[in-house]
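The values are calculated or read from the model by the stated rules, or taken from the named source; none is laboratory data. Since this is a predicted model, take the numbers as computed values, not measurements. No Cβ is skipped: glycine too gets one built from the backbone with ideal geometry, and neighbour counts run over all protein chains shown.
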Amino acid sequence: MDSMLIGSFPRPCSSYVSSDDWRTVKFKLGHSPSSYVPVQISRNGAGRSYTVSFQQHLTKHHVRGIQEGCTFYKRWNTKCVVNAASGQPLESEPGASSPKSTLTPVKNALDAFYRFSRPHTVIGTALSIISVSLLAVEKLSDFSPLFFTGVLEAVVAALLMNIYIVGLNQISDIEIDKVNKPYLPLASGEYSVGTGVGIVTSFAFMSFLVGWIVGSWPLFWALFVSFVLGTAYSIDLPLLRWKRFALVAAMCILAVRAVIVQIAFYMHVQTFVYGRPAVFSRPLIFATAFMSFFSVVIALFKDIPDIEGDRIFGIRSFSVRLGQKRVFWICILLLQMAYGAAVSVGATSSCLWSKLVTVLGHAVLASILWTRAKSVDLKSKAAITSFYMFIWQLFYAEYFLIPLVR
């Protein structure tokens, strides 16, 4: 089309011009709406073709375009040189290499792993091992580098196994967690199933590796029994997935939290670290009995806020069978009984400072528990979940009191 002529040489026009001699016609150059140029058209002798004479204007237009291109190239080249000298990518967007944008993926990865590890259980495991290890301390000189090394080895191995157990539970409960705990990485889609399997497999392997390197039989058996019970509790295989059965599920948690943690890790320090004979001391018996109550409460209470998903997927927990309110007050009653027994044990102590601390400490905790329980809105999942985290805080507090029982 004539309106799109951009060539640098004249060419025959494809249409006749009816007027004689010269006529001014506007041709469009380039893509700018205003880039029209006047062109004179002359008729030849035969009257059959016309010559468009606009070389001069087109040449000026072409030269100006070249000059503008050169100017752009110079500016672009200067920018490239400056970026190369400063070590920045040549085509990076402004702020693309800022520290904030670089750290964001790392921050997101750490946050996802933090939620995957179920931090309240990690804290509980670490505090429980440190607390029961202190029960083996008989004199001030027992606080030696050997003691701290032995406790650290136990804590590291146990935390690795703890992450295996809670991770396997999430892999087995993805569909349930989409209802009950949609913020978890597997339920939200942040982690794929393959990623979850890779994490739990590597952590289980590292846990046993640490236990084997340390060479402590009490530590190894603690890891092995925890592995077996944690796997049987969660994995969906024939005769397994014991969490489907309320009583069996509670017994699994009691066995790990109340028996294995108390006895096995105490024996690790008592026999392996200190090389002393195995004895069941009064504080150890108290710790095992008290934490038996507490472990049952945790096993029952953890299902109260999850009743909706458990009911949908056929998990017959006590909360599904008996109702949230009844199970809630059963848990409160069991804890009050445990605190009452702790006050009685503290009152019979022959050590005055131990008597004062254990009696007052457990009485205060029982009072706080009762006051807080009466204000819980059992129709609110958020309120019940918040109170469940409060139960874990009481669990932590107890491990600060246990080493003081003498």
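All told, S350 meets the bar of being outside the structural domain of I253 (by TED's automatic domain parsing), of a type in the set (S, T, Y) and more than 19 Å from L254 (Cβ to Cβ).
Restrict the check to segment 156-166 and report whether at least one residue is touching a Pro at 6+ places or on another chain (Cβ under 7 Å), within 24 Å of I312 (Cα to Cα) and in the same structural domain as A278 (by TED's automatic domain parsing). Taking every residue of segment 156-166 in turn, none turns out to be touching a Pro at 6+ places or on another chain (Cβ under 7 Å), within 24 Å of I312 (Cα to Cα) and in the same structural domain as A278 (by TED's automatic domain parsing).
Okay, residues lined up against (1) at pLDDT below 95; (2) in contact with an Asp or Glu (Cβ under 9 Å, 6 or more places away or on another chain); (3) assigned to a helix (DSSP H, G or I):
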| site | (1), (2), (3) |
| --- | --- |
| A289 | yes, no, yes |
| L300 | yes, no, yes |
| P305 | yes, no, no |
| D310 | yes, yes, yes |
| G314 | yes, no, no |
| K325 | yes, no, yes |
| G346 | yes, no, yes |
| S354 | yes, no, yes |
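Counted as qualifying within segment 176-278 are the helices (runs of 4 or more DSSP H) with 1 or more residues that are touching an Asp or Glu at 6+ places or on another chain (Cβ under 6 Å) and closer than 18 Å to L160 by Cβ, namely 193-214.
Only residues that are over 30 Å from G215 (Cβ atoms) and either in contact (Cβ under 8 Å) with a residue 12 or more places away in the chain or charged (D, E, K, R) (or both) were counted in segment 153-188, giving 17. Within segment 356-396, the residues that satisfy the criterion of being assigned to a loop (DSSP other than H, G, I, E, B) and not hydroxyl-bearing (S, T, Y) are V376, D377, L378, K379. Screening the candidates S202, S207, S226, S234 for the property of being polar (S, T, N, Q) and either farther than 28 Å from P185 by Cα or in contact with a Phe, Trp or Tyr (Cβ under 7 Å, 6 or more places away or on another chain) (or both) yields one hit, S207.
Within segment 292-301, can one find any residue that is within 21 Å of S128 (Cβ to Cβ), outside the structural domain of V343 (by TED's automatic domain parsing) and in contact with a Ser or Thr (Cβ under 7 Å, 6 or more places away or on another chain)? No. Figure legend. Inter-residue proximity from segment 309-335: first residues closer than 16 Å to F387 by Cβ, second residues of a type in the set (S, T, N, Q), beta-carbon distance below 7 Å, spacing 6+ or different chains. Indicated pairs: V327/S319.
Please tell me if A347 is surrounded by fewer than 16 Cβ atoms within 10 Å (Cβ to Cβ) and at negative phi.
Judged against the criteria, A347 is a match.
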